[in-house]
1. For helix 137-151, report the angle its Cα long axis makes with the longest principal axis of the Cα atoms of the chain; keep it between 0 and 90° and round to the nearest 10°.
2. Report which label in (1) 1.34; (2) 1.41; (3) 1.13 holds the value of Cα Rg over 2.2 N^0.38 Å derived from the coordinates of this structure.
3. Can you give me the angle between helix 97-110 and the longest principal axis of the chain, using Cα atoms only, in degrees from 0 to 90, rounded to the nearest 10?
4. Within 10 Å, at most 15 other Cβ atoms, and a DSSP state outside H, G, I, E, B define an exposed site. Report the longest part of the chain free of exposed GluC sites (Glu not before Pro).
5. Quick one: order R158, R106, R91 by neighbouring beta-carbon count within 10 Å, fewest to most.
6. May I ask you to derive the relative contact order of the chain, considering only C-alpha pairs under 8 Å and at least 6 residues apart, and to give it as an integer percent?
7. Per DSSP helix of 4 or more residues, -39500 (n - 2.57); summed, then divided by the residues of the chain. What does that give at 222 nm, rounded to the nearest 500?
8. Starting with the fewest neighbours, write out T6, T132 ranked by other beta-carbon atoms found within 10 Å of each beta-carbon.
Amino acid sequence: MIDNLTLGMSVASNDDLIRKLYTLKMIDANILFEQFISQLEQSPDLTAFQQLQITELKQLCELPYSLAELMGKHSKTLFGNYFWGNETNDRMVYDNPITSSLCAYRILERDSAGKQYLPHIVGYLLEARTNTGWRNTYETSKILETLLPSWAGIPAERRKPSLQLSGPLNVTVKEFPYTATTSDTSLLRVENQGKMPVYFTAYTRYFESNPKAVDSVFEVSTSLAGWRM
């Protein structure tokens with residue numbers, strides 16, 4: 001089996017070589033992983049997902065890698081969650097922000113300094129889930145395969161979201177969605193006592209007498225098509 005996997009590795013495509021290296025590492029093959037990882041790094045056309053896979057292979061092979069470089073490649077959603085990968089590849093099955101973010105999750109989960117970022121990736125994966133689930137069976141299986149091991153030992157009551165509100169409102173919220181209104185302007189304290197994230201929105205209404213253009217989140221522009229003077 002090892003002979004078949006190592007055959008032609010020096011001329012294999014990036015995807016084929018990465019798959020071979022993952023498999024060979026899984027069966028603890030005695031090969032020069034560092035040599036082939038270096039071969040991959042010299043490729044001029046690596047995708048964002050392939051770069052993450054190389055980082056994971058380095059970690060699995062106990063080779064030096066940069067956590068700062070990994071975190072420097074993440075993007076943020078409007079909710080502040082983290083994801084990796086190119087959104088233009090969103091419709092690709094094996095190379096998209098979901099698979100890239102799962103790869104980053106595995107790397108960070110194994111790194112004691114990276115565990116602090118895991119809730120942001122979980123938040124992104126939950127953002128990507130619609131009322132009918134994730135997009136396909138493969139994607140769902142990869143997400144569950146990555147997340148379930150770390151959640152299996154957590155009691156069900158701790159996994160469920162539970163908000164403790166204190167101050168103007170004193171209530172424990174366990175059923176969502178939840179909406180409340182108060183005219184009290186004193187400090188409102190909010191504590192999430194569950195493992196799952198909760199999206200909390202607080203807002204007030206007022207009249208802005210001197211409005212200014214804001215483009216920090218969205219930028220709206222208008223133009224006239226086919227206009228003739």
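Rule-based calculations on the coordinates, nothing more; no lab input. No experiment lies behind these values; they were computed from the predicted model shown. Here the Cβ is made from the backbone with ideal geometry for all residues, glycine too, and neighbour counts use every protein chain on show.
1. Between the helix axis and the principal axis of the chain, the angle is about 80 degrees.
2. Only one option fits the structure, namely (1).
3. Between the helix axis and the principal axis of the chain, the angle is about 80 degrees.
4. 63-174
5. So the residues, fewest neighbours to most, are R91, R158, R106.
6. Relative contact order, the chain: 11 percent.
7. After summing the helix terms and dividing by the residues of the chain, the value is -11000 deg cm²/dmol.
8. Listing T6, T132 from fewest to most nearby Cβ atoms yields T132, T6.
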